[in-house]
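The structure appears right after this line, and notes come after that.
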Amino acid sequence: MFFDDYPAFLGTSETANDLDRLNLRHEAMIADNVDVLRGARVLDIASHDGRWSFAALKAGAAHVTGVEAREHLVANAHKTFAKHGVPSESYDFIHGEAFEVLSHGRLRADVVLCLGFVYHTLRYPELFSGIRATGAGHVIIDTEIERGRTAPVIRVDAENTRDDARAAPDEFSHGARCLVGVPSIPALEVMLHAYDYSLQKNFDWPALVAAHPNATKVQGYAAGRRITVRAFDSGPPTPPPVARKSALRRVAKAAGIRRPKALRPH
């Protein structure tokens with residue numbers, strides 16, 4: 001499988017670096033999305049050690065931009081890419097806090113990777129408005145969720161920013177603590193819809209885990225506590241026909257246009 005050929009990534013970070021877990025996540029997040037990654041400009045939010053930026057390029061992406069708040073992880077990404085001879089013109093890593101970088105509105109992408117990040121923040125309007133500003137046609141999200149909830153709810157927690165596997169410190173952190181949220185699937189859908197994205201598919205993790213019974217560190221996916229989904233740009237909502245007709249009548253009235261009377265039979 002993919003990371004069997006690139007074992008360097010097993011040592012560039014201590015976060016989720018189990019080989020079986022990496023390989024199965026690659027199947028769900030990258031291999032299952034080759035159709036939109038091929039030839040695409042990709043933005044990798046919270047790119048960590050560059051593992052998924054690298055995988056996106058190997059899947060055929062034209063260019064990848066990674067944004068990562070922790071400087072040592074950016075340095076590790078550059079080292080690994082250089083080791084594997086990745087052309088420097090095909091990628092860029094930005095050391096910076098994701099929301100600050102997104103707020104500049106300068107990044108353009110066809111596909112946004114938001115992998116393992118949604119549940120490490122509570123700044124959702126900034127996140128999804130920043131994604132919307134890139135013009136991306138597709139967003140691939142891998143996240144922990146509030147399982148079994150039918151209502152749009154978000155569980156709030158606090159994380160230790162000193163841990164590379166947790167939220168990075170930002171302007172709203174207090175000491176080494178940062179507020180984060182874990183959304184239900186309906187909550188994720190509401191947030192996506194607010195920025196004109198709709199869920200396109202939800203990867204079948206239980207089937208993948210069942211096919212690899214020796215993979216022991218992916219049980220969160222098998223149990224439905226984590227998901228991998230793809231959203232697409234669905235455009236602004238179309239008003240219902242009655243609303244469109246009423247709007248047209250208001251415009252006509254304001255312009256002084258009278259509706260002709262219907263012809264009656266003699």
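Quick note: the coordinates plus some simple rules give every number you see, no bench work behind them. What you are looking at is a predicted structure, and each value in this text was computed from that prediction instead of being measured. Every residue, glycine among them, receives a Cβ derived from its backbone with ideal geometry; neighbour counts consider all protein chains shown.
Computed values, structure above
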| quantity | calculated |
| --- | --- |
| Interatomic Cα distance distribution for the chain, bins of 5 angstrom, percent | 1, 6, 12, 15, 18, 16, 11, 6, 3, 3, 3, 2, 2, 1, 1, 0, 0, 0 |
| Interchain or long-range residues, amide H under 5 Å from residue 44's placed H | 65, 66, 67, 113 |
| Distant-in-sequence amide H partners of residue 197 (H built 1.01 Å from N, under 5 Å) | 234 |
| Mean Cβ count within 10 Å, highest first, over the residues of peptides 125-133, 210-218 | 125-133, 210-218 |
| Where N is the number of residues in segment 13-158, Cα Rg divided by 2.2 N^0.38 Å | 1.02 |
| Cα-only Debye scattering, segment 109-202: base-10 log of I(q)/I(0) at q = 0.11, 0.26 Å⁻¹ | -0.32, -1.40 |
| Additional length obtainable on full extension of the chain from residue 204 to residue 4, 0.36 nm per residue less Cα span | 69.8 nm |
| Linear extension gain, residue 172 paired with residue 108, 0.36 nm per residue minus alpha-carbon span | 20.4 nm |
| Cut-off under 5 Å, modelled amide H: who pairs with residue 177 long-range | 161 |
| Theoretical ellipticity at 222 nm over the chain - DSSP helices of four or more residues, -39500 (n - 2.57) apiece, nearest 500 | -9000 deg cm²/dmol |
| Contact order relative to length of segment 2-238, as percent, for alpha carbon pairs under 8 angstrom and 6 or more apart | 17 percent |
